[in-house]
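The values are calculated or read from the model by the stated rules, or taken from the named source; none is laboratory data. On a predicted model such as this, the values are computed, not experimentally measured, just so you know. Cβ coordinates were reconstructed from backbone atoms using ideal geometry, including for glycine residues, and neighbour counts include every protein chain displayed.
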Amino acid sequence: MGLDVRQISVLSNNYVYLVRETESGLVAIVDPAEDAPVRAALADLGWTPTHILNTHHHADHTGGNLTLKRDFGLTVVGPKADSGRIPGIDVALADGDSYAFGAATAKVFDTPGHTRGHIAYWFEADKALFSGDTLFALGCGRLFEGTPQQMWTSLQKLRALPDDTTVYCAHEYTQSNADFALSIDGDNAALKDYAADIKAKRAAGKPTVPSPLGLEKRTNPFLRADDPALAARVGLARADSTEVFREIRARKDSF
Ligand code: ZN
Ligand code: FE
């Protein structure tokens, strides 16, 4: 494997990732929410950062951009559709772009919905997906700036990736996501097993992230809006999948 990925817990429930490409020694910081804990983790590892990869503009993903860029001379990479709101952006990427990161390549997906411009980074050779606030373990981001249609389309792009993709999302929201998923899909055996595993991990103070995409496909209600059984469970049998998605997202908003 060409990537060495480390996870840092910051703020109340954010995850920042440090990604080292082992051949070149390049080190990317994915969504530096804040400066100090990222700097401390880099120092502990003895890693010198070279890049920031931003998924979207929110302050809990870009708060460390400017000071880290200033002190380390980093290249800041982010979504073209929102380049005006990414502090210090140098490289703007859009759907279908490939970004060379040392010997690794990130394929970029536009995934609007949570914000107007949001991208996900997929490192195909390592099967690593940095999904920001689009796809969470058992959940998806709130629709602050986008429509249900946009978010459902975005999630379908990510769902098309291989089952053995590892999903590195940006928040530890999994326990509440699991409670919600069980409330609408409580007969799903795979979901019940997954929820039990999540509960045990949280009780032990362990992260539930990252998670395997194959498991998300079977259990995450936001990836299953076109599943007729789930549609029926939310009272929308035979409805369009976008309508089902809209309903599931609305229920989660008021859960
Ligand atoms: Zn966000
Ligand atoms: Fe966030």
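The table for this structure:
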quantity	calculated
Index of the failed condition, PHE144 passing every other in (1) touching a residue at least 40 places away in the same chain (Cβ under 8 Å); (2) hydrophobic (A, V, I, L, M, F, W, C); (3) within 14 Å of ligand 2 (Cβ to nearest atom)	(1)
Single unsatisfied condition, GLY132 versus (1) on the phi < 0 side of the Ramachandran plot; (2) within 16 Å of the chain's Cα centre (by Cα)	(1)
Conditions (1) in contact with an Asp or Glu (Cβ under 7 Å, 6 or more places away or on another chain); (2) within 16 Å of ligand 1 (Cβ to nearest atom); number of the one not met by GLU172	(1)
Unmet requirement for ASP60, which otherwise passes all of (1) surrounded by fewer than 20 Cβ atoms within 10 Å (Cβ to Cβ); (2) touching a helix residue (DSSP H, G or I) at 6+ places or on another chain (Cβ under 9 Å)	(2)
Looking only at the stretch 152-179, and only at residues there that are closer than 17 Å to VAL5 by Cβ and hydroxyl-bearing (Ser, Thr, Tyr), the one that is surrounded by the fewest Cβ atoms within 10 Å (Cβ to Cβ)	THR166
Inter-residue pairs, beta-carbon under 6 Å, first aliphatic (A, V, I, L, M) and in the stretch 90-106, second at pLDDT below 95, 6+ apart	ALA103/GLY2; ALA104/GLY2
Residues of the stretch 113-130 satisfying the condition of being among the hydroxyl-bearing types (Ser, Thr, Tyr) and either more than 14 Å from ligand 2 (Cβ to nearest atom) or part of a strand (DSSP E or B) (or both)	TYR121
